[in-house]
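Here's the structure we're looking at; comments come further down.
What follows draws every value from the coordinates through simple rules; no lab data is involved. All values reported here derive from a predicted model rather than from experimental measurement. Cβ coordinates were reconstructed from backbone atoms using ideal geometry, including for glycine residues, and neighbour counts include every protein chain displayed.
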Amino acid sequence: MKLESIRSLGQSSFGSLPGQAKDATLSFITLPPRDADYGVEAQNEFEALTGTKSLVANVDYRGSNGMMSLTLWDPATGRDGPEGSINAELVRLGLARVTKAKKRGWEKAYGNVLEILEEEEKKAQTKREGMWEYGHGGVSDDD
């Protein structure tokens with residue numbers, strides 16, 4: 001394309017667009033903080049599972065402050081349902097904990113999803129995956 005073919009779009013066409021990035025968290029699970037044991041591994045794995053990919057998100061909850069709780073899927077894997085989500089994969093790898101339902105009342109409506117994730121967490125503990133390598137992981141909802 002020639003330089004003389006390019007023209008300015010002007011600010012008025014973009015000035016009224018709301019911000020496109022939204023705050024969100026993964027539903028039903030908690031990753032360890034970056035400075036905790038397995039925190040770097042969890043964040044690196046999250047980046048590997050999500051970075052530069054077109055994902056499908058289900059907004060499970062939207063808080064009054066606009067914060068969304070999401071379940072994510074990578075359609076390229078061909079897996080669906082709660083057990084096929086990226087949320088479940090992080091739990092399966094021992095890089096995330098299942099959030100206790102008593103912490104957030106809206107999660108009680110997703111009982112079957114929580115049961116599936118809790119089962120994946122038990123399997124990860126049994127296999128000593130990730131944060132369960134030495135038994136009980138260090139950071140939890142109860143700590």
Most positive-pole-ward Cα, ALA24, GLY39, LEU95, against dipole of region 24-132 from beta carbon charges: ALA24
Given an 8 Å cut-off on Cα distances and at least 6 residues of separation, report the relative contact order of the chain as a percent. 23
Rough spin-label spacing in nm, given labels placed 7 Å along Cα→Cβ, for LYS53 and ARG128: 2.8
Using only the Cα atoms of the chain, each taken as one equal point scatterer with no solvent, compute I(q) by the Debye sum, divide by I(0), and report log10 of the ratio at q = 0.12 Å⁻¹. -0.56
Rounded tilt (10° steps) of 39-50 against the dominant C-alpha axis of the chain: 50
Using the alpha-carbon atoms, what tilt in degrees (0 to 90, nearest 10) does helix 111-127 show relative to the longest principal axis of the chain? 60
Approximate spin-label separation LYS2-ARG79, in nm, with each point projected 7 Å along Cα-to-Cβ: 5.4
